[in-house]
Amino acid sequence: MFNFIAVKLEVLNHCEDELFSIFTLKTFNPEAFKLTHMLLFHRKEDVRSKYRKIANAVGIGSLQEIMKLHIQTLLNRWGLDFEGSTSESQENDIFERKQCTFCREDASITCLYETFLEEFKPLEIKDDMPVVKNQTMDRKRNSKNKIRKRDLENEMDVLKQIESKEIHRNVVRLLAFNESFPKFYIKERLPGDNLQRRLLEAREKNKIIPISNLIRIIIQAIRGVLYVHSRGCLVRDITTASFGCSVTDDGYFVKLKNFEKAAKPSEFSNDGIISGLIGKFCIPPPLKNVHFI
């Protein structure tokens with residue numbers, strides 16, 4: 001009689017052996033792309049979970065590098081030119097955002113690690129730190145991580161909603177995204193700092209910003225916000241830090257770039273009420289003494 005269970009176990013053991021050999025390599029092997037995609041980045045959680053445990057068993061401290069190279073290989077296989085920056089990134093257990101070059105355009109990539117990396121982080125308990133205090137800190141960290149993860153996923157959804165061939169020049173574009181595992185999205189990045197840093201820089205250098213330039217900045221910002229609203233979304237976090245800003249010979253050029261708190265059409269009720277942020281407008285303390293003429 002044909003023993004189907006025995007065959008399945010034989011295939012499973014072979015896959016485990018192949019995976020062990022990949023994890024023992026000092027560098028990630030692009031030729032093993034299909035295997036890692038099937039196992040570590042499988043669409044089914046139970047499959048991913050099994051092979052994460054295998055990776056943990058061989059002493060892998062973190063799978064971030066494998067995930068980064070996997071994303072790069074994935075994009076390159078689609079014929080898309082992608083190169084990550086070596087600059088510092090915003091990173092924690094569940095996400096990483098850093099500058100990159102995508103199809104020769106300045107961009108930023110946001111990777112959502114979710115629970116994929118948290119399972120590999122060893123628990124550190126110091127002798128002089130009570131277990132109760134550790135648990136409280138973990139709960140606070142997990143709570144912040146969940147909020148941050150939700151905001152980043154929301155930004156990707158909003159960027160998908162507002163993207164179009166006629167997207168406004170004062171709004172950043174969504175260049176690429178992947179909703180399955182590993183989840184990530186790439187958006188346009190304006191060279192230079194955000195508008196808030198530009199204004200702070202002007203104050204530190206005692207630079208006087210002409211009122212004509214200020215009016216152009218306001219007009220561009222309003223146009224960007226109105227475009228997003230015309231696409232059915234609502235910008236709920238309008239601050240100077242929400243706009244990218246570059247300075248050219250023609251003056252200041254701004255683009256709306258932050259959509260983490262924006263509301264999607266699905267969040268609107270029949271009477272137009274949206275739950276979420278409470279309206280609050282104020283001048284950021286660092287900008288109160290900026291001088292304009």
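Matching residues to (1) part of a helix (DSSP H, G or I); (2) more than 27 Å from the chain's Cα centre (by Cα); (3) at pLDDT 75 or above:
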position	(1), (2), (3)
2	no, yes, no
20	yes, yes, no
28	no, no, no
41	no, no, yes
55	yes, no, no
62	no, no, no
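Quick check on region 246-263: of everything there that is at pLDDT 90 or above and aromatic (Phe, Trp, Tyr), which residue is surrounded by the most Cβ atoms within 10 Å (Cβ to Cβ)?
Among those residues, the one meeting the criterion is 259.
For every residue, the table says whether it meets (1) modelled with pLDDT of 90 or more; (2) part of a strand (DSSP E or B); (3) aliphatic (A, V, I, L, M).
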residue	(1), (2), (3)
150	no, no, no
159	yes, no, yes
166	no, no, no
175	yes, yes, yes
181	no, no, no
185	yes, yes, no
192	no, no, no
196	yes, no, no
202	no, no, yes
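Residues 82, 102, 116: which one is modelled with pLDDT under 60 and hydrophobic (A, V, I, L, M, F, W, C)?
Going through 82, 102, 116 in turn, just one is modelled with pLDDT under 60 and hydrophobic (A, V, I, L, M, F, W, C): 116.
All but one of (1) more than 20 Å from residue 98 (Cα to Cα); (2) part of a helix (DSSP H, G or I); (3) polar (S, T, N, Q) hold for residue 206; which doesn't?
Here residue 206 clears every test but (2).
With the requirement that a residue be assigned to a helix (DSSP H, G or I), of a type in the set (Gly, Ala, Ser) and in contact (Cβ under 8 Å) with a residue 24 or more places away in the chain, what does region 221-254 give you?
Matches in region 221-254: 221, 224, 241, 242.
Tell me which residues, restricted to region 215-234, are more than 17 Å from residue 190 (Cβ to Cβ) and either of a type outside the set (Val, Ile, Thr) or surrounded by 14 or more Cβ atoms within 10 Å (Cβ to Cβ) (or both).
If the condition is that a residue be more than 17 Å from residue 190 (Cβ to Cβ) and either of a type outside the set (Val, Ile, Thr) or surrounded by 14 or more Cβ atoms within 10 Å (Cβ to Cβ) (or both), then 226, 229, 230, 231, 232, 233, 234 are the ones that fit.
The values are calculated or read from the model by the stated rules, or taken from the named source; none is laboratory data. Keep in mind that what you see is a predicted model, and the values were worked out from it rather than measured. Backbone-built Cβ (ideal geometry, glycine too); neighbour counts: all protein chains shown.
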